[in-house]
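Enquirer: One structure follows; several queries about it will come next.
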Amino acid sequence: VSNRAFRKVCGEQVKPVVNGSIPGPTIKACEGDTIVIHVINNSPYKITIHWHGVFQLFSGWADGPAYVTQCPIIPGTSYTYKFNVTKQEGTLWWHAHFSMLRETVYGALIIHPRRGHSYPFSKPYKEVPILLGAPLNSRRSELPYTDEFMTYGGEPMPSDAFTINGRPGDLYPCSSNKTFKLKVVQGKTYLLRMINAAMSDHLFFKIAQHSFSVVAIDARYTEPYHTDVIVIAPGQSADVLFTANQPLGNYYMAAHPYTTTAPMELAGATTTAIVQYSGATSSKPLMPILPWYNDTMIAHKFFSNLTSLTTNSHWRPVPQSVDEHMFITINMGLEPCGPNITCKMPMDSQPNDMDMDSQYKDSANMNNVSFQFPSKLSMLEAFHHGVQGIYTEDFPNFPPLEFDYTNPNMTMSMELLMIAKKETRVKRLKYNSVVEVVLQNTALMATENHPMHIHGFDFYVLAQGFGNYDPINDPKKFNLVNPQERNTIAVPIAGWAVIRFRANNPGMWLVHCHREPDVLRGQSMAFLIENGPTPSESLPLPPLDLPQC
């Protein structure tokens, strides 16, 4: 990891990158392999690397989130990650897990079937990683901006551009020669290994005049789902087949944000690449018609219609009985600024009874707990060594205050916005217990679609919908036969999702929104999974060279 200067969209940026490129190198393995990665930190920043979606079965020390499973790798030092990839195959990814460094420190992690095994679909002619990104604005540097953001609040400056495989595409200024090109042979089928590595944005994705078959999400096989548009939230991945079955020519693949907060500000925010047919003579690509930025119905149709392929060897039936029920609200809020600090507020309208610009800044929380990452010792080390004072095991199963969660009239209720405290609270779970969680978005500050990621586990998505979750009628909608499995769920705007998983992986596992600003504001918690009854079901000793704080 080292800093590098490069130009994008008429501006020069100096950013940390891996092996000199954005995205960084693609890591390829087969199911059952052991992966060993040497990370040498030649950047001026502390850093860790998270292997997003990898189960880390009994290797939780290698998961990577700073101050959760390890302390950061300081500049001028190195650390080696070693872990096995077992019982999963497909497209995952890796990224920095400290501050906002993952905007440029990321890459694909592809797990092929075990040697001698095959895909549950016809082998494609070629596999192509498609990493969607959104580098931060070129007018600011990395950590100094993060410090400013944490101190003064406000919204992060928008990205200069969205990118496909690190390139913005020729619709952006100064970018005519910065377009990714995919050369295809007419009649052949290609597997796109898609990853949304953007910092905050859900994305719509299309290829002009072509359709797709989704065969996996988050490295879990699905029943083939046929569509002409892909919707992908930050942190999610998708394996997508498409056949080059159109007349010889050039066709744009394009992506732009799905958002419900400020769609007019995103006009023109479209990244493109070009699908070039071998033998084509036309030069101008055809452009797909993308959904409008706030088309929630298209997004919901895509997210809610995916189901698991139950005939593959890694499928396990949904546990029918539940040991732990939780209801977690995903909230935005406010917190006081420090003394002698004038804060920034992103809202156009503010309560009339307070000087919001000077007194308060944005916060975020889950069940009214705004998560505070420790700094003296990682949480997993504290658990292993029995060190007190790093975290408490009292994260609430239910929000302390019930209200009409998605009522837009509650958006600026000061009683609700100011309730969260900065704390480091986790939920302790018994080994092998079955956990069901209702994730409920709220309308506080704004109605948003939050991408929630759980480290160390995939989970079954039993149902999702809009409004407030109804504990009487909504369980009737549960899919207990072939629900999709994910590691990152896009909880619907002003809505809810119900997930279920078996806590069979001892360790400290972060749960957080995969919008980086909201993580910094406190939208996280953690599950502490107890060791099992035998040594083979317990977390091993920590590596001797684990970075120290």
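Each value in this text was obtained by applying a stated rule to the coordinates, not by laboratory testing. Since this is a predicted model, take the numbers as computed values, not measurements. Neighbour counts run over all protein chains shown; Cβ positions are idealised from the backbone, glycine included.
Enquirer: Take peptides 301-309, 234-242, 393-401 and line them up by average Cβ neighbours within 10 Å, highest first, as a rough protection proxy. Can you show the working numbers first?
Expert: Working: 301-309: 18.7, 234-242: 25.4, 393-401: 14.2.
Highest to lowest by the protection proxy: 234-242, 301-309, 393-401.
Enquirer: Could you work out how far apart the two model spin labels at F398 and I74 are, taking each label as a point 7 Å from the Cα in the direction of the beta carbon, and quote it in nm?
Expert: 4.7 nm
Enquirer: Could you size up the charge dipole of region 324-537 around its Cα centre, putting +1 on the beta carbon of Lys and Arg and -1 on that of Asp and Glu, and report it in debye to the nearest 20?
Expert: Working: 16 positive and 24 negative charges, 101 e Å.
With Lys and Arg at +1 and Asp and Glu at -1, about 480 debye.
Enquirer: Going by Cβ distance under 4.7 Å, what cysteines of the chain have no possible disulfide partner?
Expert: Lacking a cysteine Cβ partner under 4.7 Å: C30, C513.
Enquirer: Please report, in debye to the nearest 20, how large the charge dipole of the chain is about its Cα centre when each Lys and Arg carries +1 at its beta carbon and each Asp and Glu carries -1 there.
Expert: On the way: 42 positive and 46 negative charges, 420 e Å.
Dipole about the Cα centre, nearest 20: 2020 debye.
Enquirer: Here's another thing I want to ask about it. Put +1 on the Cβ of each Lys and Arg and -1 on the Cβ of each Asp and Glu in region 324-537; which of G532, C343, N365 then has its Cα farthest toward the positive end of the dipole?
Expert: Positive-most Cα among the choices belongs to G532.
Enquirer: Considering the dipole of the chain built from charges on the beta carbon (Lys and Arg +1, Asp and Glu -1) around the Cα centre, which of G76, G64, Q246 is farthest to its positive end?
Expert: Farthest towards the positive end: Q246.
Enquirer: Quick one: net charge of T260's neighbours, Cβ under 11 Å, K/R +1, D/E -1? Provide the component values of the computation, followed by the final result.
Expert: On the way: positive: none; negative: D295, E448.
Residues near T260 contribute -2 overall.
Enquirer: For the chain, what does the relative contact order come out to in percent, with C-alpha contacts under 8 Å and a separation of six or more? List each step's numbers first, then the result.
Expert: Working: 1459 pairs, mean separation 82.2, N = 549.
The normalised contact order for the chain reaches 15 percent.
Enquirer: Sticking with this structure for a sec: Measure up K82/K422; K8/K301; K181/K206; K123/K183 against 23 Å on the Cα-Cα distance and list the ones that go over. Please list the in-between numbers first.
Expert: Details: K82/K422 33 Å; K8/K301 35 Å; K181/K206 15 Å; K123/K183 18 Å.
Violating the 23 Å Cα-Cα cut-off are K82/K422; K8/K301.
Enquirer: Quickly work out the W292-to-K126 label distance, labels modelled 7 Å from Cα along the C-beta direction, and quote it in nm with one decimal.
Expert: Taking the two extended label points, one gets 3.7 nm.
Enquirer: With θ set to phi - 60° and the Karplus curve 6.51 cos²θ - 1.76 cosθ + 1.60, what are the ³J(HN,Hα) couplings of region 462-467 in order, to the nearest whole Hz, using x for Gly and Pro?
Expert: Once θ is set to phi - 60°, the couplings for region 462-467 become 7, 6, 8, x, 10, x Hz.
Enquirer: Per DSSP H run of n ≥ 4, the term is -39500 (n - 2.57); total these for the chain, divide by its residue number, and report the mean residue ellipticity at 222 nm rounded to 500 deg cm²/dmol. Spell out each step's value before the answer.
Expert: Working: 6 runs with 40 residues, N = 549.
Rounded to the nearest 500, it is -2000 deg cm²/dmol.
Enquirer: At 7 Å along the Cα-to-beta-carbon direction for both A5 and S118, put a label point, then send me their distance in nm to one decimal.
Expert: Placing both labels 7 Å beyond Cα along the Cβ direction yields 5.3 nm.
Enquirer: Against the empirical 2.2 N^0.38 Å scaling, what ratio does the C-alpha Rg of region 1-93 come to? Mind showing how you got there, number by number?
Expert: Values: Rg = 14.8 Å, N = 93, 2.2 N^0.38 = 12.3 Å.
Compared with the compact-globule rule of thumb, region 1-93 sits at 1.20.
Enquirer: Count charges around P374 for me, please; just the other residues with Cβ under 13 Å from its Cβ, Lys/Arg as +1, Asp/Glu as -1.
Expert: Values: positive: K376, K422, R425; negative: E381, E423.
Once all neighbours under 13 Å are counted, the net charge is +1.
Enquirer: Relative contact order (percent) for region 324-537, with alpha-carbon contacts under 8 angstrom and 6 or more residues of separation?
Expert: Details: 486 pairs, mean separation 55.4, N = 214.
That works out to 26 percent.
Enquirer: Given that just one value was derived from the coordinates, which of (i) 24.5; (ii) 46.6; (iii) 40.6 is mean projected area of the Cα convex hull in nm²?
Expert: It is the value labelled (i).
Enquirer: I need the shape label for region 173-225. Rule: rounded when a/c is under 1.5, else prolate if a/b > b/c, else oblate, with a, b, c from the alpha carbon gyration tensor. Provide the component values of the computation, followed by the final result.
Expert: Working: a/c = 2.29, a/b = 1.21, b/c = 1.89.
It comes out oblate by the Cα gyration axes.
Enquirer: Between P234, V434, F478, whose Cα lies farthest towards the positive end of the dipole of the chain when Lys and Arg beta carbons carry +1 and Asp and Glu beta carbons carry -1, centred on the Cα centre?
Expert: Highest projection toward the positive end goes to P234.
Enquirer: Could you pull the Cα extents of region 324-537 along its three principal axes, largest to smallest, in whole Å?
Expert: Principal axes ranked by extent give 59, 45, 25 Å for the Cα atoms.
Enquirer: Estimate the FRET efficiency between T534 and W315 by the formula 1/(1 + (r/R0)^6), using the beta-carbon distance for r and 25 Å for R0, to the nearest 0.05. All intermediate terms of the calculation are to be shown ahead of the outcome.
Expert: Values: r = 25 Å, r/R0 = 1.02.
Computed FRET efficiency for T534 and W315 comes out at 0.50.
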